[in-house]
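Visitor: Before I ask anything, here is the structure I am working with.
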Amino acid sequence: MHPCARFHKWSRFLHTIIVYSLERDTIMRSLKAALVIGTLLGLINHGQALVSSHFTWSELVPLLITYLVPFCVTTYGQVQGKRQRDRHWTGQSKLS
């Protein structure tokens, strides 16, 4: 495959990922999942520090990451589902 064709295919792939990631329904679903799952995980992992008022600034970054991970996982799942849906509608193979 010619390098320009590879670049075009790769840029089209990235464009699709970005567009799907920034769709309102993708963001809203990811935010809802992150809020629910992140809160549960935050309480499990940092609950003692929060309840005892011993929560320090050094624990803030891990707490924020606790919300970021479910957001990213949900977004990834949404994007992959939309890509699969589009491949099914257009009749493309998995490799395209």
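The values are calculated or read from the model by the stated rules, or taken from the named source; none is laboratory data. Note that the structure is predicted; figures quoted are calculated from it, not measured. Note that we place each Cβ from the backbone using ideal geometry, even for glycine, and neighbour counts take in every protein chain shown.
Visitor: Residues being of a type in the set (D, E, K, R) and more than 17 Å from Gln84 (Cα to Cα): count how many of those fall in segment 10-23. Steps first, answer last, please.
Guide: Taking segment 10-23 and keeping what is of a type in the set (D, E, K, R), we get 12, 23.
If we keep only those that are more than 17 Å from Gln84 (Cα to Cα) as well, we get none.
Total satisfying the criteria: 0.
Visitor: Next question, about the same structure. With respect to Thr26, is the statement that it is within 18 Å of Arg85 (Cα to Cα), touching a residue at least 40 places away in the same chain (Cβ under 8 Å) and more than 12 Å from the chain's Cα centre (by Cα) true?
Guide: Numbers: within 18 Å of Arg85 (Cα to Cα): yes; touching a residue at least 40 places away in the same chain (Cβ under 8 Å): yes; more than 12 Å from the chain's Cα centre (by Cα): no.
Against the criterion (within 18 Å of Arg85 (Cα to Cα), touching a residue at least 40 places away in the same chain (Cβ under 8 Å) and more than 12 Å from the chain's Cα centre (by Cα)), Thr26 does not qualify.
Visitor: Hey, another quick one. Which members of segment 9-31 meet the condition of being among the small types (Gly, Ala, Ser) and exposed (fewer than 11 other Cβ atoms within 10 Å of the Cβ)?
Guide: Within segment 9-31, Ser11 is the sole residue that qualifies.
Visitor: May I ask you to list pairs of residues, at least six apart or on different chains, whose Cβ atoms are under 7 Å apart, with the first in segment 30-45 being farther than 21 Å from Tyr20 by Cβ and small (Gly, Ala, Ser) and the second being at pLDDT below 95 and surrounded by 13 or more Cβ atoms within 10 Å (Cβ to Cβ)?
Guide: Gly38/Thr66; Gly42/Leu63; Gly42/Thr66
Visitor: Okay, next question. Ala34 passes all but one of (1) out of contact with any helix residue (DSSP H, G or I) (no Cβ under 9 Å at 6 or more places or on another chain); (2) surrounded by 13 or more Cβ atoms within 10 Å (Cβ to Cβ); which number fails?
Guide: (1)
Visitor: Also, quick follow-up: For the list (1) touching a Lys or Arg at 6+ places or on another chain (Cβ under 9 Å); (2) modelled with pLDDT under 80, I need the number of the one condition that Leu95 fails.
Guide: (1)
Visitor: If you go through segment 85-95 one residue at a time, do you hit one that is surrounded by 13 or more Cβ atoms within 10 Å (Cβ to Cβ) and closer than 30 Å to Met1 by Cα?
Guide: Scanning segment 85-95 turns up at least one residue that is surrounded by 13 or more Cβ atoms within 10 Å (Cβ to Cβ) and closer than 30 Å to Met1 by Cα.
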